[in-house]
Every structure is written in structure tokens, then in C-alpha cells.
Amino acid sequence: MSPDVARSLRALGLDVAPAVRPLSYPGRPVTAPALLAGAELLPLRPGPGGPGQWVAGAGGGLDAVLAALGGAPVAGRRAVLATGSNASPAQLAHKLTRAGLPALVPMVPVRVRGLAVGCSAHIGRHGYVATAPYPDPGASLSLVAGWFDPDQLAAVDATEFNYRRVGLPDGGPVTLPSGEPLPGGADVYVSRWGVLLDPADGLPRPGGGDQAALLTALLRGSARLRALLGPGPDDWVRRAAADEAVRAEGTRLLAAEGWVLPAYDPRPPES
């Protein structure tokens, strides 16, 4: 399949990975069904028969296009919901290519009920404060599902060591653009550290917004964080990315300020 310059991540403005530019976190997500194919993003057109039969690129079913590119069919992949930078094709390409794997991933915005997105109560290795989901029975939001083959899934799991990947129930909570339940269910990464609360109201602090604004608010609220990571967000990400001990101390201070709600599990309790 010959490259289409117009569909390149650069041409689409989707080529900035938060791992490289931390203050861009969570990165720009896909906004319509697409197939990440290396440095390109090919459009997917939903249709009958499930995602494997959706039309990819200029024509042909998705499974056929995946096979032509040396990839596993959709049925051989696991759907994982992205609450943060895994919705960014640049970030996924960065993770997979660094692991020596092809960046070949169907990426589809889906509708999810019962989850909201907050901020994980830790400082990640690239210096930013990442997102994390938590249960909210009344919530309904759009998240990007990525379908990973077993090798890709293991590689992404290895980058998510501050999280646990848990399964959501089959069907119901996740629906495709066609309105059908996502077949086979999906997984989501849950923070091992819990989520940050907003001291103004005691509720989970919303995640996924402007990273610089988030770090500025955290620095403003804590003299100890300012001494460790301040005075501004550029200083924060530079110091945190450079030193694991600084990240650990910053994570400890988030809890010491009383800003952490316990870890959440989005799965319903067993009856």
C-alpha cells in the first residue's frame, strides 16, 4: 500500500507525542474511526458485520487491509479504552515503534457509560500527571478504543506500570459508532495510585485538559510542590522527567496534601 501524504500524522496535525513533549499531554486524539498504519491514519467507514468488515482507506474490509499490512485481524486483537494519551496516534506509534513493533492499530471513538476521567495521583516518568478513569454511574462520554494484537498489548502494558488493566463487561457499557455494543467487551487501565481530588469541592479533579494549567494549579496549591518542582510547569516536567526520586517525592506530596482518593475499579461488584 503506497503512502498517502495527505493522511500522514504530520499533515493531519497529529504527530506530537506527549512522551516527547510532556506539556502536550494527553495529545491530540483521533476524532473519527481510523486505522493507524505507521505514520499514516487511514479512515474507517463503519458498516454491517462488525469492525473487521468496516471499509478501510480507499476500499477493502479492515481485516483484509490489516492482513495486507502483515497484521492480525480484529478478532485476534483486544479492545482497550484510552482515557489519556493512548488515544493519540502519535503516542501509540511512539510506544510501539520503540518496542520494535508495527504501529498498526484500529482506533475508534466509542461511547462509554459509567466512567469518568480524572487525574492519576502520581507523576509519570515523562514528567506529566496522567489521566485515570473512575466509576460514575451517571456519566456518558466518548473514549477511543484501540485494538491491539497480543504483542502490541504486552508492549503497551509495559508502559502502563502505574496502572492495572481490567476488563469491562461485554457489551452494554461500550457502544460502537453504529450504536451496537462493542463485541467481546473492552479493557481499561486503572491507576494504582488513585485519582486526584479538587480541594475546592472534594470531588475528582477532571483529567484530560490542559497539562500546563493542571500543573500550575497543583503548584499554586502546595508550597512543598513548588519547592520541589516549581516555579512553573516547564520546570515541573523538566525536573520530574530527569529524576525518578523527584517523581517519587512529588507523588508522595500529592498524597501528603490530602489530595488523593483511593484507587478505583470500574467493574461492578460480584453478586
Please find, among 167, 184, 138, 230, the residue that is under 22 Å from residue 32 (Cα atoms) and not aromatic (Phe, Trp, Tyr). 184
Search result, residues across segment 98-121 that are buried (at least 24 other Cβ atoms within 10 Å of the Cβ) and either on the phi > 0 side of the Ramachandran plot or part of a loop (DSSP other than H, G, I, E, B) (or both): 121
Six or more apart or on different chains, Cβ atoms under 9 Å: show the pairs whose first residue is in segment 41-54 and farther than 26 Å from residue 28 by Cβ and whose second is among the acidic types (Asp, Glu) and open to solvent by 20 Å² or more (accessible area, probe 1.4 Å). 50/180; 52/63; 53/63
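Each row is one residue, and each column tells you yes or no for (1) of a type in the set (Asp, Glu); (2) assigned to a helix (DSSP H, G or I); (3) closer than 22 Å to residue 262 by Cβ.
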site	(1), (2), (3)
165	no, no, yes
177	no, no, no
193	no, no, yes
197	no, no, yes
212	no, yes, no
216	no, yes, no
225	no, yes, yes
235	yes, yes, no
Could you run through segment 200-237 and say how many residues are of a type outside the set (A, V, I, L, M, F, W, C), in contact (Cβ under 8 Å) with a residue 40 or more places away in the chain and surrounded by 14 or more Cβ atoms within 10 Å (Cβ to Cβ)? 7
Can you name every residue in segment 139-163 that is assigned to a loop (DSSP other than H, G, I, E, B) and open to solvent by less than 40 Å² (accessible area, probe 1.4 Å)? 149, 160, 162
Residue hits (segment 74-97; of a type in the set (Ser, Thr, Tyr) and surrounded by 23 or more Cβ atoms within 10 Å (Cβ to Cβ)) are 83, 85, 88
Has segment 64-71 got any residue that is under 13 Å from the mean Cα position of the chain (by Cα) and of a type in the set (Val, Ile, Thr)? no
Being touching an Asp or Glu at 6+ places or on another chain (Cβ under 7 Å) and closer than 15 Å to residue 36 by Cα narrows 74, 65 down to just 74
In this structure, is residue 71 small (Gly, Ala, Ser), open to solvent by less than 50 Å² (accessible area, probe 1.4 Å), closer than 22 Å to residue 25 by Cα and part of a loop (DSSP other than H, G, I, E, B)? no
Just the residues that are modelled with pLDDT of 95 or more, surrounded by 14 or more Cβ atoms within 10 Å (Cβ to Cβ), closer than 21 Å to residue 135 by Cα and not aromatic (Phe, Trp, Tyr), please, taken from segment 255-271. 255, 260
Only residues that are assigned to a loop (DSSP other than H, G, I, E, B), under 18 Å from the mean Cα position of the chain (by Cα) and under 25 Å from residue 111 (Cβ atoms): list them for segment 14-56, please. 14, 18, 25, 26, 27, 28, 29, 30, 31, 32, 33
Which ones in segment 19-41 are of a type in the set (A, V, I, L, M, F, W, C) and surrounded by fewer than 20 Cβ atoms within 10 Å (Cβ to Cβ)? 20, 23, 32, 39
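The values are calculated or read from the model by the stated rules, or taken from the named source; none is laboratory data. All figures in this text were calculated on a predicted structure; none of them were measured in a lab. Please note: Cβ atoms are built from the backbone with ideal geometry, for glycine as well, and neighbour counts cover all protein chains shown. Ligands, DNA and RNA are excluded from the accessible area calculation, which covers all protein heavy atoms including side chains. Shrake-Rupley method; radii C 1.70, N 1.55, O 1.52, S 1.80 Å.
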